[in-house]
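What follows is one structure encoded as structure tokens, with my remarks underneath.
Readers should treat all values here as calculations from the given coordinates under stated rules, not as data from a laboratory. From a predicted model like this one, the values you see are computed outputs, not experimental measurements. Glycine gets a Cβ as well: all are built from the backbone with ideal geometry, and neighbour counts include every protein chain shown.
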Amino acid sequence: MMYKPNWEETKAKWTNYWQHKNTGRPLMCVVARKPEIEHLSDNRPTEGGYRDVICQGKYYNLPDDLRWKDMEDKYQNAERIVKRYRHFCENHLFLAESFPNLNVDFGPGSLASYIGSDIGFKEDTVWFKECLDDWDGVEEFRFDPESKWFKKHIELVKECRKIAGDDFYVDMPDLMENVDVLASMRGVQNLLFDMIDEPELIEERVKQITNIYYEYFDRFYDIIKDEEGGNAYTVFQIWDRVKQ
């Protein structure tokens with residue numbers, strides 16, 4: 001891995017972690033700014049936008065040619081997403097058990113968009129739009145390979161993986177599961193009332209979400225896995241061989 005010279009040693013520590021064999025200190029995620037960019041660490045986003053690199057809650061000026069032009073450029077342009085992350089890797093050190101891994105996410109809980117929600121993209125956040133006024137006539141949730149947002153997402157991840165090569169991981173998206181997905185689709189307050197009024201219905205819907213979660217997970221996994229069957233997960237900065 002280009003930006004993690006001791007990756008083999010780090011993988012061994014992760015493997016020991018999952019097998020409860022670690023000794024000494026705990027695993028640590030330490031991403032450090034290189035000295036040459038430290039003077040930029042007090043910068044703040046310009047008015048009206050977060051168009052710069054963010055690390056550890058601080059902002060760094062991106063070169064003008066890497067700043068996103070619009071939300072499609074930020075979230076759905078594979079070539080420029082990879083270029084921006086490569087710029088980040090070139091200006092940071094991945095110490096301890098941290099490692100370079102690119103987040104190609106449509107926001108936490110993107111599974112909701114695959115089965116009905118639309119996505120609202122903003123510079124500093126993403127949300128999923130409510131799509132269920134009630135449960136009448138709502139069909140069972142099933143895996144849909146032709147879903148608009150799933151097709152966009154899987155193609156984006158595939159292209160990023162191709163461009164990144166073996167230089168760094170492309171992460172498993174934060175698909176999320178169960179009640180969180182339902183809350184995005186139905187609205188939090190509505191879902192809370194549903195859980196009181198129709199608990200059996202909500203329990204069944206949660207089971208459906210759990211079942212299709214693995215269908216979508218496997219599609220992404222087949223694209224992002226390394227030669228050993230390992231992959232990285234975006235939220236927790238972790239690595240493991242999912243399938244032996």
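For the reader, a short list of remarks on this structure follows.
- Contact order normalised by residue count of the chain, Cα under 8 Å, 6+ apart, percent: 22 percent
- A Förster radius of 41 Å, combined with the Cβ-Cβ distance separating Arg241 from Asp197, puts the computed FRET efficiency at roughly 0.40.
- R0 of 41 Å, Cβ-Cβ distance Asp167-Cys131: FRET efficiency to nearest 0.05: 0.60
- Principal-axis tilt of helix 199-224 within the chain, Cα atoms, nearest 10 degrees: 40 degrees
- Between Asp65 and Asn22, residue separation times 0.36 nm minus the direct Cα-Cα distance comes to 11.1 nm.
- Kirkwood estimate for segment 7-241, i.e. one over the average of 1/r between Cα atoms, Å: 19.6 Å
- Charged side chains reduced to their Cβ positions (Lys and Arg at +1, Asp and Glu at -1) give the chain a dipole of some 1220 debye around its Cα centre.
- Close amide-amide hydrogen proximity is noted between Tyr233 and Met172, Ile238, each under 5 Å apart and 5 or more residues distant or on a separate chain (H modeled in the peptide plane; Pro and chain starts excluded).
- With K and R counted +1 and D and E -1, the other residues having a Cβ less than 13 Å from that of Lys207 yield a net charge of -3.
- Residue-averaged 222 nm ellipticity for the chain, from DSSP H runs of 4+ at -39500 (n - 2.57), nearest 500: -12500 deg cm²/dmol
- Fully extending the segment from Ile37 to Glu8, taken as 0.36 nm per residue of separation minus the present Cα-Cα distance, adds 7.7 nm.
- Using a Förster distance of 25 Å, the FRET efficiency for Asp226-Glu146 (Cβ separation, nearest 0.05): 0.30
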